[in-house]
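K.L.:
The following block contains the structure, expressed as structure tokens.
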Amino acid sequence: MIILGIETSCDETAISIIRVDENGSNIEILGNTVLSQMKLHAPYGGVFPVLAKREHQKNLVPVLVQTLKHAKLFTSSAKPYTSLLQNTRTVLEMESELLTQFEEVIPTIERPNIDLISVTSGPGLEPALWVGINFARALGLTWNIPVVPVNHMEGHILVSLLNQNVNKITVPKFPALALLLSGGHTEIIYTDKIGSYKKISETRDDAVGECFDKVARTLGLTYPGGPEISKLAKTARVENIKLKDSLPRPMIHSDDLDFSFSGLKTSVLYYTKEHKINETLVKAISREVEEAITDVIVVKTKKAIEDTGAQTLIIGGGVVANEYIREALKILCEKIGIEILLPHVDHSTDNALMIALAGYFEKDKAQNADIKINAFGNLSL
Ligand code: KG4
Ligand code: ZN
């Protein structure tokens, strides 16, 4: 089965094409393109939704062409047609820049051998999500391919089922927990089978990636802040630089499993007002923030594993690119004696491979029109 995945929920325009074998155990990535808008959003200190929408409109068709070529599924049409079907035009009415490119390019391409299109329908930025959904619907109509809407967070979970060579799907031992750490989400999901999810923990305020990003902004670092903080924290450890005072580990000993990160962010703000900031102090704060976040995550995850008797810990989301957090969680699982499934570093931040894979698992929910977005995207599907 060949699946084309489309991801536009935030600031990455991404398309991936995968082939999954009949048993659903081997996968081949035929094409995987991620075009990041990060640099364009950096001056705003975060993702600017209107700009994201405009960039997705501009980028989707070129990204599709590039991915089809890479997958060797691009053939110029022997008989290009001149006008789109009216229903395709209607679907793209709200995306005028995308419509112009769609009209120009898609009729010149032969229908590729693709069985299913999957697209992120949430959670994410509403204007950005709609561009991807409308593009998926227009392609589905033009090429007569079913379209399945998928949850972005489920994608982050499922991409961790791929082994590190990204060619095999590992079925986790159930029950399993998925720890999702991204720019918009921090939650622990309980699952007893793929496709069935129950949220058992979430952040009461900022997501962990948001905390990294906001602290970075306070420290005058560039967006996205997570990688910057983690680089400086690593240097601080190598140079043996440590903050004299410790920063709070919010809710670390609370009875429940929930998280909270806004207090940590605020404490950094106060700290920078009370102390003269220099390069060494920025390194020391970065280290303390990374360690505070890691401590909270490890303690809460340990409690969640003990409470639920989980056999596997699946980790997903952009923050999992953080080496220090990855290592701490690996050590935790080793100590408890349960399996840990981590995404390949290249696939921990947003991409469309995870959306294509989610499409494979959700293939029975394919539909042709009427996709609704779920911008706040509850994963308890
Ligand atoms: O999953 P993702 O790509 O997008 C969302 O769905 O939010 O996650 C992006 C988040 C950003 O907040 C970014 O700062 C964070 O992941 N991030 C990191 C690292 N790399 C990305 N945070 C900490 N350490 C990193 N190395
Ligand atoms: Zn994400």
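The values are calculated or read from the model by the stated rules, or taken from the named source; none is laboratory data. Just so it is clear, the model here is predicted, and its values are computed rather than measured. Methodologically, a virtual Cβ is constructed for each residue, glycine included, from the backbone with ideal geometry; neighbour enumeration extends over all protein chains shown.
K.L.:
Name the single residue that is nearest to ligand 2 (Cβ to nearest atom) among those in the stretch 309-337 being in contact with a strand residue (DSSP E or B) (Cβ under 6 Å, 6 or more places away or on another chain) and not in a helix (DSSP H, G or I).
P.N.:
My answer is 317.
K.L.:
Of all residues being more than 16 Å from ligand 2 (Cβ to nearest atom) and touching a residue at least 60 places away in the same chain (Cβ under 8 Å) in the stretch 227-274, which is nearest to residue 190 (Cα to Cα)? Just the residue, please.
P.N.:
Only one residue tops the list, namely 257.
K.L.:
Okay, moving on. For the stretch 112-127, give me each residue that is under 23 Å from residue 357 (Cβ atoms) and away from ligand 2 (no atom under 16 Å from the Cβ). Don't jump to the end; show me each part of the working.
P.N.:
First, pick out the residues of the stretch 112-127 that are under 23 Å from residue 357 (Cβ atoms): 112-125.
If the condition is that a residue be under 23 Å from residue 357 (Cβ atoms) and away from ligand 2 (no atom under 16 Å from the Cβ), then 112, 113, 114, 115, 116, 117 are the ones that fit.
K.L.:
What tally of residues in the stretch 229-239 results from selecting those that are among the hydroxyl-bearing types (Ser, Thr, Tyr) and either surrounded by fewer than 17 Cβ atoms within 10 Å (Cβ to Cβ) or more than 14 Å from ligand 1 (Cβ to nearest atom) (or both)?
P.N.:
Counting residues in the stretch 229-239 that are among the hydroxyl-bearing types (Ser, Thr, Tyr) and either surrounded by fewer than 17 Cβ atoms within 10 Å (Cβ to Cβ) or more than 14 Å from ligand 1 (Cβ to nearest atom) (or both) gives 1.
Here is a yes/no grid of residues against (1) closer than 24 Å to residue 19 by Cβ; (2) more than 20 Å from the chain's Cα centre (by Cα); (3) without any contact (Cβ under 8 Å) to a residue 12 or more places away in the chain:
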site: 130; (1), (2), (3): no, no, no
site: 144; (1), (2), (3): yes, yes, no
site: 149; (1), (2), (3): yes, no, no
site: 177; (1), (2), (3): no, no, no
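K.L.:
While we're on this one: List the pairs whose first member sits in the stretch 316-340 and is away from ligand 1 (no atom under 15 Å from the Cβ), whose second member is part of a strand (DSSP E or B), and whose Cβ atoms are under 6 Å apart, counting only residues at least 6 apart or on separate chains?
P.N.:
Filtered contacts from the stretch 316-340: 330/340; 333/313; 333/340; 339/312; 340/313.
K.L.:
Considering only the stretch 157-166, I want to know if a residue exists there that is within 13 Å of ligand 2 (Cβ to nearest atom), of a type outside the set (Val, Ile, Thr) and touching a helix residue (DSSP H, G or I) at 6+ places or on another chain (Cβ under 9 Å). Walk me through how you get there before you give the answer.
P.N.:
Initial filter on the stretch 157-166 (within 13 Å of ligand 2 (Cβ to nearest atom)): 157-160.
Next, from what is left, pick out any that are of a type outside the set (Val, Ile, Thr): 158, 160.
Checking the rest, the ones that are also touching a helix residue (DSSP H, G or I) at 6+ places or on another chain (Cβ under 9 Å) come to 158, 160.
Checked against the condition, which is being within 13 Å of ligand 2 (Cβ to nearest atom), of a type outside the set (Val, Ile, Thr) and touching a helix residue (DSSP H, G or I) at 6+ places or on another chain (Cβ under 9 Å), the stretch 157-166 yields at least one hit.
K.L.:
Residue 358: small (Gly, Ala, Ser), touching an Asp or Glu at 6+ places or on another chain (Cβ under 7 Å), crowded, with 18+ Cβ neighbours inside 10 Å and modelled with pLDDT of 95 or more, yes or no?
P.N.:
yes
K.L.:
Then there is this: Within 24 Å of residue 155 (Cβ to Cβ), of a type in the set (S, T, N, Q), touching a residue at least 12 places away in the same chain (Cβ under 8 Å) and in contact with a helix residue (DSSP H, G or I) (Cβ under 9 Å, 6 or more places away or on another chain): is that true of residue 32 in this structure?
P.N.:
In short, yes.
K.L.:
Please work out which one of (1) buried (at least 21 other Cβ atoms within 10 Å of the Cβ); (2) farther than 25 Å from residue 184 by Cβ is the condition residue 331 fails and give its number.
P.N.:
(1)
K.L.:
Check whether at least one residue in the stretch 105-127 is surrounded by 16 or more Cβ atoms within 10 Å (Cβ to Cβ), under 28 Å from the mean Cα position of the chain (by Cα) and more than 19 Å from residue 5 (Cβ to Cβ), and report yes or no.
P.N.:
Taking every residue of the stretch 105-127 in turn, at least one turns out to be surrounded by 16 or more Cβ atoms within 10 Å (Cβ to Cβ), under 28 Å from the mean Cα position of the chain (by Cα) and more than 19 Å from residue 5 (Cβ to Cβ).
K.L.:
Looking at the stretch 200-228, which of the residues that are farther than 15 Å from residue 296 by Cβ and aliphatic (A, V, I, L, M) is farthest from ligand 1 (Cβ to nearest atom)?
P.N.:
Initially, the stretch 200-228 is screened for residues farther than 15 Å from residue 296 by Cβ, giving 200, 213-214, 216-228.
Checking which are aliphatic (A, V, I, L, M) leaves us with 200, 216, 219, 221.
Numbers: 200: 20, 216: 8, 219: 13, 221: 10 Å.
Step by step, filter the stretch 200-228, then rank; the result is 200.
K.L.:
When you look at residue 63, is it surrounded by 13 or more Cβ atoms within 10 Å (Cβ to Cβ), touching a Leu at 6+ places or on another chain (Cβ under 6 Å), of a type in the set (A, V, I, L, M) and closer than 24 Å to residue 100 by Cβ, yes or no?
P.N.:
yes
K.L.:
Another one. Give me the residue from the stretch 178-196 that is of a type in the set (A, V, I, L, M, F, W, C) and touching a Phe, Trp or Tyr at 6+ places or on another chain (Cβ under 6 Å) and, out of that set, surrounded by the fewest Cβ atoms within 10 Å (Cβ to Cβ).
P.N.:
At the first step, the residues of the stretch 178-196 found to be of a type in the set (A, V, I, L, M, F, W, C) are 178-181, 188-189, 194.
Those still in the list that are touching a Phe, Trp or Tyr at 6+ places or on another chain (Cβ under 6 Å) too: 189, 194.
Working: 189: 25, 194: 18.
In this case the residue turns out to be 194.
K.L.:
I've got another one for you. Which of the following residues is under 19 Å from residue 124 (Cβ atoms) and touching a His at 6+ places or on another chain (Cβ under 7 Å): 178, 207?
P.N.:
Of the residues listed, the single one that is under 19 Å from residue 124 (Cβ atoms) and touching a His at 6+ places or on another chain (Cβ under 7 Å) is 207.
K.L.:
Could I ask something else about it? Hey, does the stretch 285-303 have a residue that's of a type outside the set (Asp, Glu) and assigned to a loop (DSSP other than H, G, I, E, B)?
P.N.:
Kept after step one, since they are of a type outside the set (Asp, Glu), are these residues of the stretch 285-303: 285-287, 289, 292-294, 296-303.
With the extra rule that they be assigned to a loop (DSSP other than H, G, I, E, B), the set shrinks to none.
Within the stretch 285-303 (the criterion being of a type outside the set (Asp, Glu) and assigned to a loop (DSSP other than H, G, I, E, B)), the answer is no, since none of the residues qualifies.
K.L.:
Restricting attention to the stretch 66-87, which residues are buried (at least 17 other Cβ atoms within 10 Å of the Cβ) and among the polar types (S, T, N, Q)?
P.N.:
Answer for the stretch 66-87, where residues must be buried (at least 17 other Cβ atoms within 10 Å of the Cβ) and among the polar types (S, T, N, Q): just 67.
Condition check ((1) away from ligand 1 (no atom under 14 Å from the Cβ); (2) out of contact with any Asp or Glu (no Cβ under 9 Å at 6 or more places or on another chain); (3) among the small types (Gly, Ala, Ser)) across all residues:
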residue	(1), (2), (3)
164	yes, yes, no
186	no, no, no
198	yes, no, no
241	yes, yes, no
245	yes, no, no
